[in-house]
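The values are calculated or read from the model by the stated rules, or taken from the named source; none is laboratory data. Note that the structure is a prediction, hence the values are computed from the model and not measured. Counting neighbours? That spans all protein chains shown, and the Cβs are built from the backbone with ideal geometry, glycine included.
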Amino acid sequence: MLEAIVTMSLLAAVFGILLGYVGVRFHIKGDPVVDKIDAILPQTQCGQCSYPGCRPYAEAIAKGEADINQCPPGGEATIVALADLLGVDPKPLNPEHGTEAEAKTLVYIDEEVCIGCTLCIQACPVDAILGAAKQMHTVIASECTGCDLCIPPCPVECIHIIPVKEDISTWKWPSPTPTGMPISSNDQVTATE
């Protein structure tokens, strides 16, 4: 019995040392530029930029394969931040990828109309829709990013867009502008001199 315990302990130590060596020897460092670009993107994982998520889009921008103006959820603020980071001129949002929303939205499923086809579940990139085949579906509001990718596949048009009500958990401090005046999506900025 003691021999088995000693043998297992020695094997565990050898494998631990081997795994530690492999982890150090074959460590893959991430690209810090990609990490910075990814931190600026809104993390909706919506695919509107023609990439499967924000990280692949960030990698494509860093490699020069994608332009900085392909993210509708991020809108102008994201384009300006990416331009500042990369030292390029900002561009208007590319209309091929969609338009910038005025306010953050969520989707709502009318449970009386839902037939349980699961097409919306398959289309949701962040698994914010809960339901089963031939059962009613619902949206987990805290997980929904408002990408609206679940709306086109719905055969009975039971998915509707609703604006997010601004409260203490959804309100964000307005971003400063180059003039130093903060703006938010609800404010109109007028220059006074």
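For the range 106-118, give me the residue count where each residue is surrounded by fewer than 18 Cβ atoms within 10 Å (Cβ to Cβ) and out of contact with any Ser or Thr (no Cβ under 8 Å at 6 or more places or on another chain).
8
Of the numbered conditions (1) exposed (fewer than 10 other Cβ atoms within 10 Å of the Cβ); (2) touching a Gly at 6+ places or on another chain (Cβ under 7 Å); (3) not aliphatic (A, V, I, L, M), PRO32 satisfies every one except a single condition; which is it?
Condition (2) is where PRO32 drops out.
Can you find even one residue in the range 135-142 that is under 21 Å from GLN43 (Cβ atoms) and either crowded, with 16+ Cβ neighbours inside 10 Å or modelled with pLDDT under 80 (or both)?
yes
For the range 123-147, which residues satisfy the criterion of being in contact (Cβ under 8 Å) with a residue 60 or more places away in the chain and either touching a Pro at 6+ places or on another chain (Cβ under 9 Å) or not aliphatic (A, V, I, L, M) (or both)?
PRO125, THR145, GLY146, CYS147
Within the range 144-159, can one find any residue that is at pLDDT 85 or above and not in a loop (DSSP other than H, G, I, E, B)?
Checked against the condition, which is being at pLDDT 85 or above and not in a loop (DSSP other than H, G, I, E, B), the range 144-159 yields at least one hit.
Any idea which of (1) within 11 Å of the chain's Cα centre (by Cα); (2) assigned to a helix (DSSP H, G or I) is the one ILE17 doesn't satisfy?
Going through (1) within 11 Å of the chain's Cα centre (by Cα); (2) assigned to a helix (DSSP H, G or I) one by one, ILE17 breaks only (1).
Among the residues of the range 60-90, write down those that are in a loop (DSSP other than H, G, I, E, B) and β-branched (Val, Ile, Thr).
Correct list: ILE68, VAL88.
Of all residues in the range 104-118 being of a type outside the set (S, T, N, Q) and within 28 Å of GLY75 (Cβ to Cβ), which is modelled with the lowest pLDDT?
LYS104
Among the residues of the range 49-59, how many are touching an Asp or Glu at 6+ places or on another chain (Cβ under 9 Å) and either assigned to a helix (DSSP H, G or I) or surrounded by fewer than 17 Cβ atoms within 10 Å (Cβ to Cβ) (or both)?
6
Being out of contact with any Cys (no Cβ under 8 Å at 6 or more places or on another chain) and either among the small types (Gly, Ala, Ser) or within 18 Å of CYS46 (Cβ to Cβ) (or both) is the filter here; which residues of the range 73-89 pass it?
Residues satisfying the conditions are GLY74, GLY75, GLU76, ALA77, ALA81, LEU82, ALA83, GLY87.
Those residues that are surrounded by fewer than 22 Cβ atoms within 10 Å (Cβ to Cβ), of a type in the set (A, V, I, L, M, F, W, C) and either farther than 24 Å from THR105 by Cβ or over 16 Å from the mean Cα position of the chain (by Cα) (or both), I need them from the range 60-80; list them, please.
ALA60, ALA62, ALA66, VAL80 - these are the residues of the range 60-80 that are surrounded by fewer than 22 Cβ atoms within 10 Å (Cβ to Cβ), of a type in the set (A, V, I, L, M, F, W, C) and either farther than 24 Å from THR105 by Cβ or over 16 Å from the mean Cα position of the chain (by Cα) (or both).
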